[in-house]
Amino acid sequence: MPKMAKGDKVRRPELPDTLKRSGSKAQRTFAKTHDAAVEQYGEGERAHRAAMASLKQTHEKRGGRWVPKDRPGPSDPRSRKTTAQKRRGEGETFGGVDAEQNTKDELYERAKRLGVEGRSKMSKRELARAIGQKQ
């Protein structure tokens with residue numbers, strides 16, 4: 001089902017819950033990419049994956065919503081893999097947490113705010129993984 005209505009308006013009921021709580025730019029990015037992917041690939045998981053990949057280039061998941069990044073770019077090591085490698089499950093994502101552009105100290109502070117246990121002994125990857133699970 002199309003995510004965009006006439007006049008550049010997003011159909012909010014059609015969006016995932018985290019996007020409903022996000023800004024209009026995140027909603028438009030997801031909706032426009034999803035609709036374009038549906039035209040090319042048809043309705044389904046592939047269109048949803050394409051829309052999420054596009055969203056992750058410009059936004060990062062914080063709490064239960066998507067917020068704009070300081071700089072656009074990939075958010076996790078898996079985004080650098082080929083499509084075939086991603087389908088096989090190679091690489092790791094961190095649940096929308098931008099592990100690439102955040103420093104370990106920034107991730108540590110977010111983990112602290114979320115109440116992640118054992119954060120002082122975690123590596124940057126472990127912090128990103130824990131934040132992604134806690135959000």
Within the bounds of the range 102-118, is there any residue that is under 17 Å from the mean Cα position of the chain (by Cα), in a helix (DSSP H, G or I) and not charged (D, E, K, R)?
yes
Report yes if some residue within the range 59-77 is part of a helix (DSSP H, G or I) and either assigned by TED's automatic domain parsing to the domain that holds residue 128 or out of contact with any helix residue (DSSP H, G or I) (no Cβ under 7 Å at 6 or more places or on another chain) (or both); otherwise report no.
yes
Has the range 78-88 got at least one residue that is under 13 Å from the mean Cα position of the chain (by Cα), farther than 18 Å from residue 27 by Cα and in contact (Cβ under 8 Å) with a residue 12 or more places away in the chain?
yes
Can you find, within the range 53-81, the residue that is surrounded by the most Cβ atoms within 10 Å (Cβ to Cβ) among those that are touching a His at 6+ places or on another chain (Cβ under 9 Å) and hydrophobic (A, V, I, L, M, F, W, C)?
66
Quick one: count up the residues across the range 104-122 that are without any contact (Cβ under 8 Å) to a residue 12 or more places away in the chain and under 23 Å from residue 68 (Cα atoms).
5
Subset of the range 82-94 [buried (at least 17 other Cβ atoms within 10 Å of the Cβ) and not aromatic (Phe, Trp, Tyr)]
93
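The values are calculated or read from the model by the stated rules, or taken from the named source; none is laboratory data. It should be emphasised that the depicted structure is a prediction, and the values quoted were computed from it without experimental measurement. Note: ideal-geometry Cβ built from the backbone for every residue, glycine included; neighbour counts use all protein chains shown.
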